[in-house]
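Structure first, commentary second.
We did not get these values from a lab; they are worked out from the coordinates using the rules stated. Everything numeric in this text was worked out from a predicted model, so none of it was measured. Backbone-built Cβ (ideal geometry, glycine too); neighbour counts: all protein chains shown.
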């Protein structure tokens, strides 16, 4: 008996679905047996991983996590840690098997420049404005408050020596540091040696550029070869790196003069370091906050110190 058009289409559709299912069921069963990529194993079923632990391990960990466990809790945690929790932890953090170089760039970066566009001058290209610094002030205080652009021009023209400028800032740092606690390491001898070298090079016509002979202070997070870098933290109080951080090396190559390693909160946390609390130059009764506790350069701090002193005197 011949089938109607509707019956024929229904039979064909069912046949196609049955054939598709026949091919897909084994594949689906196979996939169902495999956990999704990146999924942790069922709790307590993973093979043992990670280092061996003991109840004493959790006793020490309690000090960091600020929790309290009973002796039975610690014993139970130690007995099943490698089978139950270590696998989950290692999937999240990964085993520590890769040694990363200190100079390695971050895996990701943010760049606001759109594709196929260019922003600003070429990299490492410096364009200097043709400003007139005017006459060099006669007083050291006025020189200390001058802008870097003016200081640079005076040093280039040899109206001001790097050695004199460096001494000005070293003296001011020593004067105000007892109030502000903003200096972790004052590098007087090394700074004066750098300044003397800068003056000699400039006199011989070997001018390196606009930072040649300019004093600067580094947050004590930047490694400086042969000079303490402490992170403001007691465990690193006597740490002396063998190499410069990149930014420190570039400034050194430009002829800048390092006068101090400046304070920061311990491990870049706040304004309290092993030498005390760095104070706010705007209001000496308060801390300066952090993590870069010593934000303001010496001239700016000095100006605000004089302003805040005058305000308190007028108010009284």
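Remarks
- Counting every other Cβ atom within 10 Å of each residue's Cβ, 189, 62 order from fewest to most as 189, 62.
- For the peptides 256-265, 239-248, the ranking by mean Cβ contacts within 10 Å, running from highest to lowest, is 256-265, 239-248.
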